[in-house]
Amino acid sequence: MSKKKTNVRIVHLIIFMSLILLTMEVNATDERVAGAIVLAEFNGGEITKADFDKEFEKIPLMYRSRYNTVEGRYNLLNSIVIAKIFEMKAIERGVDLRQDVIDNIERGLQRYYAMEYRRQDISDQTMVAERDIQNYYSENIDRFVESANSTIKHIMTSTEDKAREAMRLLNTGTDFFDVMNQFSENNFSKRHQGVIRNIRGNSYIPGVGKDEIFDNQITDAPLNIWQGPVFSVDSYHIFMVTERRLARTKPLSEVRDEIIDRLKPIKELELRDKRVAELKQKYNVSVDNEVLSNVNFGDDRDLSDIRDGIVVHSQVEGLTITVEDLRVNYRQLSPQERSQMNNPQHLNRMLSEILENSLFAFEAKQKGYSNAVMENQEAQQIRRNTILNALFDELVIQKSIPDSEQIEAFYRKNINNYTSRENRTVQVFIFDKRGDARKARSNIVRAIKNDDEEMINEIANQSVYSENNAVISGLLRDERVPIIGSDESIITEIWRTGHGEVSALRKDSSGRYFFVRVIEDNPMVILPLSQVEEKIVFQLTRQNREQNWTVLQEDLRQEYDVLVHRDRIIVMQTPEELFSMAEEAQNRKRFNEAIQYYDQIIEYHKNNDDDYKALFMKAFLLAEEMNQADVAVTLFEKILADYPHSDLHESAEFMIKSIKEGYDIFGE
């Protein structure tokens, strides 16, 4: 790149960075006040900006950009409103009080009850006794021995002359870092500012390697005095021992927390096993090993006779585990985990985990941990989703299942989709001379009688059209012949000739001689409704579901008198926020996304300040990053025309001149 172009690029960047700083000087809107803005209203509630932001934060980062446009936020807001009034409708209809829904919620919350029991009755009650701490310390004293080690400042050179010159400079008071950066050839110590730590006297020097001579020199050297040059292996070393620690055993007070961290998980496991044993006894739980031994998940047919078989018995119905329960859990495993279930040990482990969770969850409910469980955000979402799914099933899914009349009507209307068209596979033999064609046909007829495909293919390769042994597959009636084209005489002969026969010798439209062999004839087949009914039911159910859901949403909007303030969505993102998102997009080289944010400022924040700044930024990106100089010039000229008194007037003029004329400010 020439100096002139480089200079212009630098000026462009200066203008760009100045503009970013300018947009950051605007005072931010008070967040608490902005959060109270009502974006949507309906009978019985409202959605504020704070509510919207809370839902927006739940969206994974990788998907948020699609909701950063006005249209994207409008769609998201509508989804939030529908979810809210749908939940209100479910409560009004008493869906949350239905026993089947309550049972589904309880099943969904099972692991959260088990988690709460583990927290309150195991983790919170696990204590590590002082005696155990002292015993562990005594029995594992070697763990707490800290080896002797030294720290040095270090310079390594390849020649003695360099080492001596470095030593001279150090002894005359030259700064160590300056000398080290000038002379040291050891990249490891240079990366660590010339310091090597944790030298343990075991003949190994970090960053240097195995070096007994150098290690002995470090061990014998006094503190804080430069030593060297020391020659060892193939290098010269200058060093100063700055710290030397003697071997020591850490006292118990220093390692107490470390020991507790090691012992607590062990104690928790012991307490967990104790709680499981206590609960098994409390609820009279037993495992039927005979039934368990007959469980084989490899083939569902092997389970058909024992699915209702009870593997775990209990006086409490909720703790009974059947073979079917095991099968359901098995199907939730990964393929790798499933492959291990043929091993009885793995099957027993799965059963133990299921039983443990069932016991802990049941006991948590008995102890009244429901409120603690429902403090968990995920548990709240499971309850909400279960209720909403039940209402959706009632009002949408069940009404979307097609009846027999609808299925038959769909089948008749789309009969072509279930019909395979008549088609043929043929060989077309074409020759320029009549004599060659007659001879070839005679030989083909003889080869067919003798079942000599090799001879047929040899003749086919002499044909004008010889690709794939002159075989053309999947020909549809009245359609052109691939490669050969729409020759009527050939098409007529293909469909006039019988299956397995060879046609008479004919002349095509180009004056060449041909004959046809029909290898395969597939007549039109209409699949019966019984064969495609399942597929039709699936298609219609999905289609009906979409239609019913659309209608239901509109009905809910009218019933709850929903009012969405689109104008407030437009201004819910301040120019500062949009400028910030645009800058972030630019930093990630996502320039089209950045321009979307600038366009929102230009469109929705017309205040003779933010709008022209955004326009300038858009033009700048088009010119500098997206190779659209002509469009950029048009936008810069728009700034001059529409905002003649803006503080970016001169910058816009400069950008136009630099694009059109290669203007060099430094040359001027």
Pulled fully out, how much extra length does the chain show between Q462 and N385, if you take 0.36 nm times their separation in residues and subtract their Cα-Cα distance? 20.6 nm
Evaluated at 10 °C and 1.306 mPa s, the Stokes-Einstein D of the range 179-259 based on the Kirkwood radius over Cα pairs, in µm²/s, stands at 111 µm²/s
Summing -39500 (n - 2.57) over the DSSP H runs of n ≥ 4 in the chain and dividing by its residue number, what mean residue ellipticity at 222 nm do you reach, to the nearest 500 deg cm²/dmol? -17000 deg cm²/dmol
Computed from the beta carbon distance with a Förster radius of 56 Å, FRET efficiency for K589 and I213 to the nearest 0.05 stands at 0.55
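What is the gain in length, in nm to one decimal, between S352 and N171 on full extension, counting 0.36 nm per residue of separation less the C-alpha to C-alpha distance? Write down the numbers at each step before the final one.
Values: separation 181, 0.36 × 181 = 65.16 nm, distance 7.24 nm.
Computed gain between S352 and N171 is 57.9 nm.
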Kirkwood hydrodynamic radius of the range 43-108, from inverse mean 1/r over distinct Cα pairs, in Å: 13.9 Å
How much accessible area does R327 have with a 1.4 Å probe, in Å² rounded to the nearest 10? 40 Å²
Semi-axes in Å, largest first, for the range 318-392 (Cα gyration tensor, √(5λ)) are 28, 18, 11
Calculate, for the chain, the solvent-accessible area per residue in square angstrom, rolling a 1.4 angstrom probe over the heavy atoms of the protein chains. 58 Å²
Can you compute the FRET efficiency between S370 and F188 using 1/(1 + (r/R0)^6), with r the Cβ-Cβ distance and R0 = 60 Å? Round to the nearest 0.05. 0.50
Looking only at the range 122-158, which residues have a backbone nitrogen under 20 Å from a spot 7 Å from the Cα of L252 in the C-beta direction? 127-146
Karplus ³J(HN,Hα) for the range 307-318 (6.51 cos²θ - 1.76 cosθ + 1.60, θ = phi - 60°; Hz, whole; x = Gly/Pro) runs 4, 8, x, 8, 8, 10, 9, 7, 6, 9, 4, x
With a 1.4 Å probe and all protein chains kept in place, how much accessible area does H649 have, in Å² rounded to the nearest 10? 40 Å²
Taking a threshold of 23 Å on the Cα-Cα distance, which of the pairs K282/K365; K210/K250; K638/K660 fall above it? K210/K250
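So if I average 1/r over every pair of distinct C-alpha atoms in the range 598-648 and take the inverse, what Kirkwood radius in Å does that give?
So the Kirkwood estimate lands at 10.8 Å.
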If one takes the longest principal axis of the Cα atoms in the chain, at what angle in degrees, from 0 to 90 and to the nearest 10, does the Cα axis of helix 591-604 lie? 90 degrees
Residue by residue through the range 209-221, what is 3J(HN,Hα) from phi via Karplus (6.51 cos²θ - 1.76 cosθ + 1.60, θ = phi - 60°)? Round to whole Hz and write x for glycine and proline. x, 6, 7, 5, 4, 5, 4, 5, 4, 5, 4, 8, 6
Please give the contour-minus-distance gain from N414 to D452: 0.36 nm per residue of separation, less the Cα-Cα distance, rounded to one decimal in nm. 9.3 nm
Put one equal scatterer on each alpha carbon of the range 517-655, apply the Debye formula with no solvent term, and list log10 I(q)/I(0) at q = 0.13, 0.14, 0.15 1/Å to two decimals. -0.72, -0.77, -0.82
The range 480-515 scanned against label point 7 Å out from M524 along Cα→C-beta; backbone N under 20 Å for 480-481, 491-499
Specify the angular offset, from 0 to 90 degrees and rounded to the nearest 10, of the alpha carbon long axis of helix 529-559 from the longest principal axis of the alpha carbons in the chain. 60 degrees
Which FRET efficiency value, to the nearest 0.05, is calculated for T634 and R327 with the Förster distance at 51 angstrom and r the Cβ-Cβ distance? 0.15
Of the listed values (1) -0.42, -1.06; (2) -0.34, -1.00; (3) -0.90, -1.11, grab the one calculated as log10 I(q)/I(0) by the Debye sum over Cα atoms at q = 0.06, 0.10 Å⁻¹ from the structure here. (3)
Please identify the GluC sites (Glu not before Pro) of the range 591-625 that satisfy two criteria: DSSP loop assignment and at most 16 other Cβ atoms within 10 Å. Which are they? E625
Could you list log10 I(q)/I(0) for the range 439-588 at q = 0.08, 0.12, 0.18, 0.22 Å⁻¹, which the Debye formula gives when each Cα is one point scatterer? -0.58, -0.71, -1.09, -1.37
Within the accessible area of the chain, what % is carbon and sulfur when the probe is 1.4 Å and the other protein chains stay in place? 46 percent
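The values are calculated or read from the model by the stated rules, or taken from the named source; none is laboratory data. Keep in mind it's a predicted model, so treat the numbers as computed, not measured. So basically every Cβ, Gly included, is an ideal-geometry build from the backbone, and we count neighbours across all protein chains shown. In case anyone asks, the SASA skips ligands and DNA or RNA and just uses the protein heavy atoms, side chains included. Shrake-Rupley method; radii C 1.70, N 1.55, O 1.52, S 1.80 Å.
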